[in-house]
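In what follows, a single structure is set out as structure tokens and then discussed.
Values quoted throughout were computed directly from the atomic coordinates according to the rules given, and no laboratory measurement underlies them. Predicted model, so just to flag it, every value in this text is computed and none were measured. Cβ: placed from backbone, ideal geometry, glycine included. Neighbour counts: every protein chain shown.
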Amino acid sequence: MNLHQKHLILLGMMGTGKSTVGKHLAQHLPYPAIDFDHWIEERQNQSIPSIFEQLGESYFRELESQALKHFLKQPQPHILITGGGVILRPENRKRMKKANGVVFHLIADVETLIQRLDLDVNRPLLQGDKAEKIRRIWSERKSLYETIADYRIQTDDRSPEAITTEILSHWH
């Protein structure tokens with residue numbers, strides 16, 4: 001199958017730039033960009049923090065899985081901007097690995113993530129000691145991301161344009 005008939009999947013920790021880079025990619029590719037968090041919020045008519053608070057993380061992870069399954073079935077290619085925790089469910093990892101898609105893992109050093117997320121109050125998993133939680137989440141997820149990534153893209157000290165250019169260089 002032609003590379004350009006595949007979904008472009010952005011994966012990685014919160015704070016790595018998936019949403020920003022996804023928007024930039026959409027300016028260069030003829031595919032719709034779907035940010036899973038925004039898609040879920042629109043369908044639930046509720047913010048992610050509110051979903052976590054009222055319905056729990058497990059419920060949110062199910063919504064995330066449904067979004068992934070839905071968009072991977074679409075025949076038209078999409079830019080899929082996944083949530084950082086989509087990797088936690090084994091069925092999601094299988095779907096992405098078997099999918100008609102290419103997985104780009106956006107990576108940033110833990111210290112960069114701590115700096116980028118320092119003032120962000122909309123991350124339910126980062127309530128309390130933010131730095132400690134980022135370190136723990138990264139250590140729990142790192143190997144999962146690596147198992148399904150087709151490409152690893154470092155985002156530290158790089159502009160969204162530079163990251164987009166690198167992704168497109170692998171895409172073309």
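Between His170 and Val110, take the C-beta separation as r, use R0 = 22 Å, and let me know the FRET efficiency to the nearest 0.05.
Numbers: r = 25 Å, r/R0 = 1.13.
According to the calculation, E is roughly 0.35.
So how much slack lies between Glu62 and Arg136, counting 0.36 nm per residue of separation and subtracting their Cα-Cα distance, in nm? List each step's numbers first, then the result.
Numbers: separation 74, 0.36 × 74 = 26.64 nm, distance 2.21 nm.
Taking Glu62 through Arg136 to full extension adds about 24.4 nm, to one decimal.
Antiparallel DSSP bridges in the chain: what percent, to the nearest 5? Could you put the intermediate results ahead of the total?
On the way: 0 of 16 bridges.
Roughly 0 percent of the DSSP beta bridges within the chain come out antiparallel.
Per DSSP H run of n ≥ 4, the term is -39500 (n - 2.57); total these for the chain, divide by its residue number, and report the mean residue ellipticity at 222 nm rounded to 500 deg cm²/dmol.
Working: 8 runs with 90 residues, N = 172.
Helix contribution divided over all residues of the chain: -16000 deg cm²/dmol.
Figure the gain on full extension for Glu161 and Lys98 (residue separation times 0.36 nm, minus the Cα-Cα span) and round it to one decimal in nm.
The span from Glu161 to Lys98 would gain 19.8 nm if fully extended.
Any chance you could run the full-extension gain for Arg89 through Gln154? It's 0.36 nm times the residue separation minus the Cα-Cα distance, nm to one decimal.
Length gained between Arg89 and Gln154: 21.0 nm.
Would you list which aspartates and glutamates come within 18 Å of Lys73, measuring only between C-alpha atoms, while excluding same-chain residues fewer than 8 positions from it?
Straight-line reach from Lys73, under 18 Å: Asp35, Glu62, Glu64, Glu91.
Which pairs, out of Lys23/Lys133; Lys18/Lys97; Lys6/Lys133; Lys98/Lys133, put more than 24 Å between their alpha-carbon atoms? Please report the intermediate quantities before stating the final value.
On the way: Lys23/Lys133 27 Å; Lys18/Lys97 19 Å; Lys6/Lys133 34 Å; Lys98/Lys133 31 Å.
Listed pairs above 24 Å: Lys23/Lys133; Lys6/Lys133; Lys98/Lys133.
Match the structure shown to one of the listed values (i) 66, 23, 11; (ii) 24, 19, 15; (iii) 39, 20, 12 of semi-axes √(5λ) of the Cα gyration tensor in Å, computed from it, and give that label.
Recomputing semi-axes √(5λ) of the Cα gyration tensor in Å here picks out (ii).
Tell me which DSSP H helices of the chain clear both cut-offs, 20 Å or more of axial length from alpha-carbon atoms and a mean Kyte-Doolittle hydropathy of at least -1.0.
Working: long enough: 57-72 (22 Å, -0.61); 130-148 (27 Å, -1.11).
Helices passing the filter in the chain: 57-72.
Residues with amide H under 5 Å of Met14's amide H, sequence separation 5 or more or different chain, H placed in the peptide plane at 1.01 Å from N; which?
The answer is Gly84.
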